[in-house]
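Where a number appears in this text, it was derived from the coordinates with a stated rule and is not lab data. Small disclaimer: the values here were computed from a predicted structure and weren't measured. All Cβ positions, glycine included, derive from the backbone under ideal geometry; neighbour counts span all protein chains shown.
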Amino acid sequence: MWAVWLDRWQFGFTTVYHFLFVPLTIGLAFLISVMETMYVTKHDIMYRRMAQFWGKLFLINFALGVVTGIMQEFQFGMNWSNYSRFVGDVFGAPLAIESLAAFFLESAFIGTWLFGWDKLPPKIHVLSIWMVTIGVSLSAFWILTANSFMQEPVGYVMSHGRAHMNSFGALITNPQFRVEFPHVWFGALTTGSFFVAGVSAYYLLRRREIPLFAQSFRIAVYTGLIASVLVAVIGHAQGQHLIKAQPMKMAASEALWHTSPYHAPWSLVAWIDAKDHRNPFDIEIPYALSILSYNHTYGSVPGIEELQEQYVSKYGPGNYVPSVWVTFWTFRVMVLAGSLMIFLAMYGAFRGLRDDEGLAKRRQYLRIMPWAISLPFIANSTGWIMTEMGRQPWAVNGLLKTADSISPTVGVPLVWTTIIGFGIVYAAFAVVDVYLFVTFIKKGPDPERGPEEMDAEALQPAFEP
Amino acid sequence: MSLNVLWFIIITVLFTGFFVLEGFDFGVGIIAPFLGKTDEQRRLLINSIGPFWDANEVWFISAGAGMFAAFPDWYATLFSGFYIPLFLLLIALMARGVAFEFRSKLSHARWRTFWDWAAFAGSLLPPMLWGIALSNLMRGVPIDAHMNYVGGFWNLINPYAVLGGISMALLCLLHGSLFLTLRLSGDLRVRARAAAKRIGVWTTISMFLFVIYSYFQTDLFVKVGLDPGSLPVLAGMTLISVPFLIFTEHDGWAFILSALTIACSTATVFYDLFPRVMISSLNPAWDLTIYNAASGPYALTVMSIVALSILPVVFIYQGWTYWVFRKRLDVGGHLDY
């Protein structure tokens, strides 16, 4: 049991840590692509400085995303060898495609982008950052194809006690994937947007480089508004799919111990007593759970105890209830963070319509925005914790339990070794990363790298007709 | 040719690409603290691989992911079995990646020195660990009837494997110094060439000892007889010719031939393994082969179509990045790292 517990902790902490950097990478890559495209189309040097400033922060973040990602690729083999043997035939394919199609693309073009400012014509240079954006998005596409299989196995057949792929098409049109990918991808855009908006607000408050950061703020906040609203809309569709595909996760995320009445109320907050299967304290909104689940005021939602009985008769004796406390609260924290982001983005988009000075005067709002950078990270992490812990005890829903997935030959001391090793290294990286971010944000756009005259000169030949 | 064989070849190609490409940036990382006397010189050395190292590393990730998709049991046995070496490898790769990216972000001398040595250790450890891993793969490791590795960490550290590790590191070091003669100019270029001369001798000695040792430690002799076939002979010939080419200052040819040495050596290892992917030292019946460790025919078909259509495109655009940054780095120029 210790080994399973440790393996899960290791996977959990390394993956949540990795996913702090990934959405910021995707979001920032997209926003920098937009900024540099504006530079190339408008021929305005400000956008070049803008792209370079955000590019610097992007690279600090990208480095950690890349190196923690190497770990992700190999830990299935290290700690989860039985899992790898069981699903490799299906699950390995999207991972390999991710590497061939996405990792090569992003790593080659981040090189030409970073080192190519003076070597490539602007149009090819901007293409490089778009290639990075496509690369990181493809990476999300394929890894989420793999994850969707764990949530909702499709396109496979069982033989010799293992899953074998029999339909690649089914794998990439997995109904779970169709809601999961856009939810995560727009969540990543929201993350990048709130980062740019928050850092821009910091500068606007200090009245430094107002034109550059007012415009950065606008680009970010409009992207953030569209993306955060779409995250919520798709999230709603995800919930409605969840009730069909993984009703136990749904029930756990609502702390619904017994099947709900015909008009299902929704618990806003609850005190959960997991031992006696009841919620001693509960604030309920009538009809809301039916509406969330079916878009009607009616429709009952199956409860944990009923589903447990059903699963025991289907899969044999065992406990099929995930941690209700974690699933319930991570879901609520995610929704709260998401709602706050929509609200802040709406207000910011409204303010962004004003001129630069008008924007810089909303000091109350600008003071909130740097703190709001934490919101997308909270939402990303809690969302993943909810979806992964809500699937327990399964590693692959209905097919393979987490406890049966671990490496039989990797003992507890070995896992302790790596968990401590990665823990120390990751903690050190976090300190360095935050320190560099703060240093570079305080320093601001680099005048050395972009004195207007020099850049304008460098620009001349490329733009002469 | 069956798809299992095709996938064995694809994995071999990916590993070969990894060792040839990442080989030189490992070498540059190892030699940088010694060759670079001033901060600018060290920066020049790191910048010489700046646009390339990340994409080079993806060859390894692709090889690993390809193993997962095509030979899940190979992936599972190897990485759960070689647990501590893989852990060290991952830490090393993390350290060097972050080191390149962060080193010149701040100007404190101590900060930069720290990352220089992180890049050094992070570049030295991986080729050593890979040498150790490949030697053990050829030699055979204790694998039980359920495809599980049952030896410990120290089982992997035997004299043969250690020699393999040293040879691999030297090979990368040589390859890296030759790469520097193509990317740098002036004083640094001359010193890189001088370093390559000395390293070349040691690499050749180490590699030939390793090959001789291999005849005693692996079943290469049983498998191919005294004549090892054209691949290892080619590897040996290219390696011997490198010092002459350095001496006559044919830097480009020297680099190409050291690349060929690495490619032929990698191919030899995989050729020796074929059709096995992991040899069980306990019982030949428990070997992992390209058949009993493989995914089903459907998955292999899908993955073959995907890999054969994507890889040529990767070759083209990665080749293009080398073309973009073909110019030598000059003292006094702008440096991004």
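What to note about this one:
- Proximal lysines relative to A:Lys244, as straight alpha-carbon distance under 27 Å, when same-chain residues fewer than 8 apart are discounted: A:Lys275, A:Lys314, A:Lys401
- Inverse of mean 1/r across different Cα pairs in chain B, Kirkwood, Å: 20.6
- The stretch B:1-72: mean projected area of Cα convex hull, nm²: 5.2
- Protection proxy ranking, highest mean first, for peptides A:206-218, A:382-394, A:275-287: A:382-394, A:206-218, A:275-287, where packing is the per-residue count of other beta-carbon atoms within 10 Å, averaged.
- Percent of Cα-Cα distances greater than 44 Å, calculated over chain A: 18
- Neighbourhood charge, 14 Å Cβ-Cβ cut-off, centred on A:Trp113 and excluding it, Lys, Arg +1 and Asp, Glu -1: -2
- A simple packing score, the average count of other Cβ atoms within 10 Å per residue, orders the peptides B:128-134, A:191-197, B:209-215, B:314-320 as A:191-197, B:128-134, B:209-215, B:314-320, with the highest score first.
- Unit Cα scatterers, Debye sum, the stretch A:354-404: log10 I(q)/I(0) for q = 0.18, 0.21, 0.29, 0.30 Å⁻¹: -0.70, -0.80, -0.98, -1.01
- Listed by chain and number, the lysines placed with their C-alpha closer than 17 angstrom to that of A:Lys442 are A:Lys56, B:Lys105; residues fewer than eight positions away on the same chain are left out.
- Proportion of all alpha-carbon pairs of the stretch A:213-349 beyond 25 Å (%): 35
- Local net charge near B:Arg326, Cβ-Cβ under 11 Å (Lys/Arg +1, Asp/Glu -1): +4
- The average projected area of the stretch B:186-300, computed from the convex hull of its Cα atoms over all directions, is 10.1 nm².
- Dividing the helix sum by the residues of the protein assembly as shown, where each DSSP H run of 4 or more adds -39500 (n - 2.57), gives a mean residue ellipticity at 222 nm of -25500 deg cm²/dmol.
- Inter-site label distance for B:Trp202 and B:Phe114 at 7 Å from Cα along Cβ, in nm: 2.9
- Cα gyration tensor shape for the protein assembly as shown, rounded if a/c is under 1.5, else prolate or oblate: oblate
- Counting only aspartates and glutamates at least 8 places from B:Lys197 when in the same chain, those with an alpha carbon closer than 17 Å to its own are B:Asp187, B:Glu249, B:Asp251.
- Protection proxy ranking, peptides A:61-67, B:305-311, A:172-178, average beta carbon neighbours within 10 Å, highest first: A:61-67, A:172-178, B:305-311
- When you work out D = kT/(6 pi eta Rh) for the stretch B:283-337 at 4 °C and 1.567 mPa s, using the Kirkwood radius from C-alpha pairs as Rh and the Stokes-Einstein form, the result is 82 µm²/s.
- Between A:Trp394 and A:Thr402, the built amide H atoms are under 5 Å apart, and every one of these is 5 or more places off in sequence or on another chain.
- Averaged over A:165-172, number of beta-carbon atoms from partner chains that fall within 10 Å: 3
- Restricting the calculation to Cα atoms, every distinct pair contributes to the Kirkwood radius of the stretch B:128-241, found to be 15.8 Å.
- Average silhouette area of the stretch A:1-151, convex hull of alpha-carbon atoms, in square nanometres: 9.3
- Solution diffusion estimate, µm²/s, Stokes-Einstein, the stretch B:181-242, Kirkwood Rh from C-alpha pairs, 37 °C, viscosity 0.692 mPa s: 241
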